[in-house]
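Asker: Encoded as structure tokens, here's the structure I'll be asking about.
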Amino acid sequence: PPLIPPYDKYIENSCVAMLTVGSWIEKHCETKLPFICYEDIFVGKVDVTNITFQNASLSWQRAPGGSIDYRVEVSGE
């Protein structure tokens with residue numbers, strides 16, 4: 001026997017939405033719903049100059065696509 005019983009009430013040419021509990025539900029694609037945009041992560045090089053015990057100057061190449069938010073992660077010793 002199949003693990004999941006056949007379901008014949010699927011929507012033709014459908015889209016999906018995520019419920020607040022994390023599961024997916026089938027929706028008509030014409031239904032307007034809130035959405036989340038996703039962009040690829042850009043990893044670039046940061047130049048650090050004018051280093052003191054309390055401060056440092058950082059400069060980096062602008063990310064493609066007009067990003068205005070950046071996050072700097074410090075790693076290593």
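Asker: Just to verify a result, which residue in the stretch 22-49, among those that are without any contact (Cβ under 8 Å) to a residue 12 or more places away in the chain and of a type in the set (A, V, I, L, M, F, W, C), is nearest to residue 12 (Cα to Cα)?
Answerer: Just the residues of the stretch 22-49 that are without any contact (Cβ under 8 Å) to a residue 12 or more places away in the chain, to begin with: 22-25, 30, 32, 34-38, 40-41, 43, 48-49.
Of the ones still in play, those that are also of a type in the set (A, V, I, L, M, F, W, C) are 24-25, 35-37, 41, 43, 48.
Values: 24: 16, 25: 14, 35: 21, 36: 24, 37: 25, 41: 34, 43: 40, 48: 55 Å.
Top of the filtered list is 25.
Asker: What pairs come out if I take residues in the stretch 50-77 that are on the phi > 0 side of the Ramachandran plot and at pLDDT below 90 and pair them with residues that are assigned to a loop (DSSP other than H, G, I, E, B) and aliphatic (A, V, I, L, M) whose C-beta lies under 9 Å away, six or more apart or interchain?
Answerer: No pair meets every condition.
Asker: Just give me the residues in the stretch 1-40 being modelled with pLDDT under 75 and either under 30 Å from residue 70 (Cβ atoms) or of a type in the set (A, V, I, L, M) (or both), in sequence order.
Answerer: 3, 4, 11, 37, 38, 39, 40
Asker: Moving on. Restricting to the stretch 48-69, name every residue that is surrounded by 10 or more Cβ atoms within 10 Å (Cβ to Cβ) and either touching a helix residue (DSSP H, G or I) at 6+ places or on another chain (Cβ under 7 Å) or not in a loop (DSSP other than H, G, I, E, B) (or both).
Answerer: Within the stretch 48-69, 48, 57, 58, 60 qualify.
The values are calculated or read from the model by the stated rules, or taken from the named source; none is laboratory data. Everything quoted here is computed from the prediction, not taken from an experiment. Neighbour counts are summed over all protein chains in view; Cβ atoms, including those assigned to glycine, are modelled from backbone coordinates with ideal geometry.
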